[in-house]
Amino acid sequence: MKNYSVSGCIVTYNSKDKISPTIKSVLEMTKGVDFTLYIVDNDSTDGTADFIEEAFPEVVVIRAGSNSGFGAGHNKVIPFLKSKYHVVINPDILLREDSITQLCNYADTDEAIGLLSPQIRFEDGRLQMLGKKNPTVRYLGDHFFHKGDEPSKTMIDYCMLDKEGDEPFAITNATGCFMFFRTSVFMELGGFDERFFMYLEDCDIARRTAEKYKALHYPMATVYHLWERESKRNKKILMIHVMSIIKYFLKWGIRF
C-alpha cells in the first residue's frame with residue numbers, strides 16, 4: 001500500500017457544539033494515508049477555534065480573522081499544501097470507513113483524474129439527491145420546489161440517478177460537502193472562486209476541473225452528510241443562495 005500524503009480542510013463558523021463528531025470520524029477512519037487535517041475558522045464568536053485547539057491538538061487551526069465565506073475560507077489553506085491529494089470536508093460530514101484512502105487508491109490509477117466525488121448518504125443510509133450535471137434554471141427550480149421523497153424525472157436527470165451503481169462515471173458538478181482533489185489541480189485552479197460567498201462555488205470549481213481533467217463520481221466510497229438544507233428555512237441564507245445562482249449564471253451563461 002502506498003503511503004499517500006493527503007491534506008483535508010474543514011471551514012468552521014460558530015461550530016463548537018457540532019464539530020467534534022466530524023473531526024473524530026475523519027481522524028479515526030483515515031488510517032491508510034499520511035493525513036493532515038486543517039481547520040480554517042471564519043472568525044467564530046463561540047470559541048470554536050479555541051475548543052478545537054484544546055480538544056484536537058493534532059489538527060492545524062488557521063484563524064481567518066473574518067468571515068469571507070465558504071470558498072474563501074478553504075482557499076486560505078492553499079499556501080500550506082504540500083500533499084498529493086486534498087479533501088474539502090463540510091463540518092457536518094461523518095466517515096464510517098476509510099473513504100479517503102479508497103479515493104486515493106483509485107485516483108492513483110489515472111494521473112488525468114482531477115476530482116472525485118464519493119457517494120453521499122444521509123446518516124440513516126438514504127442516498128442524497130445531489131446534482132452531477134451543470135446547473136440550469138430547470139434543474140435548480142426542481143431542486144428548490146419539488147416536494148415529496150420520490151425524485152422527479154428532472155431530478156433523476158440532474159442527479160444522474162440512472163447511472164448510480166458500482167462503477168465510476170464522468171460528472172461536471174459535485175457537492176462541496178466532500179470533494180477529493182488532486183492537490184496540484186486544486187492549486188492550479190486557484191481554489192474556489194471567492195465571488196461566491198456560499199453555494200454554487202462547488203458547481204463552479206467542479207465545472208472548471210472537468211474542462212481540463214477528469215471529474216468523476218466514485219460510488220464505491222461513501223461518506224455521510226447531516227444535510228440541514230438551511231437555505232430552505234432561513235431567509236437570509238436563502239438570499240445568499242439566490243445571489244450565488246445569479247453570479248453563477250452571469251459567469252457561465254444562463255441555461256434553461
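The values are calculated or read from the model by the stated rules, or taken from the named source; none is laboratory data. In this text, all values refer to a predicted model and were calculated from it rather than measured experimentally. All Cβ positions, even for glycine, are placed from backbone atoms using ideal geometry, and neighbour counts span all protein chains on display. Note: accessible area is taken over every heavy atom of the protein model, side chains too, but ligands, DNA and RNA are not part of it. Shrake-Rupley method; radii C 1.70, N 1.55, O 1.52, S 1.80 Å.
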Please go through the stretch 192-223 and give me each residue that is under 24 Å from F80 (Cβ atoms), in a loop (DSSP other than H, G, I, E, B) and open to solvent by 10 Å² or more (accessible area, probe 1.4 Å), ordered by number.
D193, E194, R195, F197, M198, Y213
Please go through the stretch 157-186 and pick out each residue that is within 16 Å of I120 (Cβ to Cβ), under 16 Å from the mean Cα position of the chain (by Cα) and hydroxyl-bearing (S, T, Y).
T175
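Does any residue of the stretch 182-200 turn out to be within 24 Å of S15 (Cα to Cα) and either among the polar types (S, T, N, Q) or in contact with a Leu (Cβ under 8 Å, 6 or more places away or on another chain) (or both)? Show your work before the answer.
First, the residues of the stretch 182-200 that are within 24 Å of S15 (Cα to Cα): 191-200.
In the following step, the residues that additionally are either among the polar types (S, T, N, Q) or in contact with a Leu (Cβ under 8 Å, 6 or more places away or on another chain) (or both) were identified as none.
Checking the stretch 182-200: not a single residue is within 24 Å of S15 (Cα to Cα) and either among the polar types (S, T, N, Q) or in contact with a Leu (Cβ under 8 Å, 6 or more places away or on another chain) (or both).
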What number of residues within the stretch 111-131 satisfy the criterion of being outside any loop (DSSP other than H, G, I, E, B) and of a type in the set (D, E, K, R)?
1
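Based on this model, can you work out whether I100 counts as surrounded by 22 or more Cβ atoms within 10 Å (Cβ to Cβ), in contact with an Asp or Glu (Cβ under 8 Å, 6 or more places away or on another chain), touching a residue at least 40 places away in the same chain (Cβ under 8 Å) and not in a loop (DSSP other than H, G, I, E, B)? First the steps, then the outcome.
On the way: surrounded by 22 or more Cβ atoms within 10 Å (Cβ to Cβ): yes; in contact with an Asp or Glu (Cβ under 8 Å, 6 or more places away or on another chain): no; touching a residue at least 40 places away in the same chain (Cβ under 8 Å): yes; not in a loop (DSSP other than H, G, I, E, B): yes.
Considered against the rule, which asks whether it is surrounded by 22 or more Cβ atoms within 10 Å (Cβ to Cβ), in contact with an Asp or Glu (Cβ under 8 Å, 6 or more places away or on another chain), touching a residue at least 40 places away in the same chain (Cβ under 8 Å) and not in a loop (DSSP other than H, G, I, E, B), I100 comes out as no.
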Cβ-Cβ below 9 Å, separation at least six or inter-chain, first residue in the stretch 169-191 and open to solvent by less than 30 Å² (accessible area, probe 1.4 Å), second part of a loop (DSSP other than H, G, I, E, B) and hydroxyl-bearing (S, T, Y): which pairs?
G176/Y199; R182/Y213; T183/S83; V185/Y213
Across the stretch 132-179, which residue is nearest to V11 (Cα to Cα) among those that are in a helix (DSSP H, G or I) and among the aliphatic types (A, V, I, L, M)?
L140
